[in-house]
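This report refers to the structure that appears directly beneath it.
The values are calculated or read from the model by the stated rules, or taken from the named source; none is laboratory data. All values derive from a computational prediction rather than experimental measurement. Here Cβ is always computed from backbone atoms with ideal geometry, including for glycine, and neighbour counts include all displayed protein chains. Ligands, DNA and RNA are excluded from the accessible area calculation, which covers all protein heavy atoms including side chains. Shrake-Rupley method; radii C 1.70, N 1.55, O 1.52, S 1.80 Å.
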Amino acid sequence: MNMINIRENPEYLDPAVDYFSSKWGIDRQIYYDSISNSITTDNPLPRWYLMSDGERIIGSFGLIENDFMVRKDLKPWLCALYIEESERGKALGSKLLAHGRQEAKLLGFDKVYLCTDHIGYYEKYGWSFLGYEDSEWGGKTRVYVIKSGD
């Protein structure tokens, strides 16, 4: 498995934008703006990552300042965690989560947050339920936190 940091591999810009947009159903331009910004910004965030098994993208995640949450004081947010269905059950999600924690530490963050509707998945990798927080989409969502690093 290869981890691809888009900032360090800008030739992956368009494939990454297409991948994230197709998996999450969020407008391509939103991903394009954020991922292209990650390549040029001097700020630590955003950062975007792909996992490949050679030529094929099999997973992804991002580290961003805010994941459409009302609270702006928490960062970074691990977002868009995805593993191809054909690759599930191989503990690849845990590798992406661990990589995200390591990257957040390298970027100078003590904690990492995420929002999800899933119950039980993140807990088994050490994430703690922080509480319900308001989403910019409306309603509340589950927020988790974990210490950055390994």
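Numbers for the structure displayed
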read-out: The chain, accessible area per residue, ligands and nucleic acids excluded (1.4 Å, Å²); value: 52
read-out: Cβ-derived FRET efficiency at R0 25 Å, Ser86 paired with Arg142, nearest 0.05; value: 0.40
read-out: Percent RCO, i.e. relative contact order, over the chain, from Cα pairs under 8 Å lying at least 6 residues apart; value: 18
read-out: Structure-based [θ]222 nm, the chain - -39500 (n - 2.57) summed over DSSP H runs of at least 4, per residue, nearest 500; value: -8500 deg cm²/dmol
read-out: Candidate residues Trp127, Trp137, Trp24: accessible-area rank, largest first, probe 1.4 Å; value: Trp137, Trp24, Trp127
read-out: Area of Ser128 that stays accessible when all protein chains are in place (1.4 Å probe, Å², to 10); value: 60
read-out: Greater than 21 Å apart at Cα, pairs in Lys72/Lys140; Lys90/Lys111; Lys23/Lys105; value: Lys90/Lys111; Lys23/Lys105
read-out: Under the Karplus curve 6.51 cos²θ - 1.76 cosθ + 1.60, θ = phi - 60°, whole-Hz ³J(HN,Hα) for the range 127-132, x wherever Gly or Pro sits; value: 6, 10, 5, 8, x, 8
read-out: Accessible carbon and sulfur surface of the range 53-150 relative to its total accessible area, %, 1.4 Å; value: 49
read-out: The range 104-144 versus the range 41-58: alpha-carbon centroid distance in Å; value: 20
read-out: Added length on full extension, which subtracts the Cα-Cα distance from 0.36 nm per residue, Glu65 to Glu123; value: 18.7 nm
read-out: Gain upon complete extension [Trp24, Ala98; 0.36 nm per residue less C-alpha separation]; value: 24.5 nm
read-out: Mean projected area (nm²) of the alpha-carbon convex hull when the chain is viewed from all directions; value: 8.5
read-out: Estimated FRET transfer efficiency when R0 is 30 angstrom, pair Glu55-Thr116 (beta carbons, to 0.05); value: 0.50
read-out: Span-rule helices in the chain, defined as complete DSSP H runs reaching 30 Å or more along the axis (Cα) with Kyte mean at least -0.5; value: none
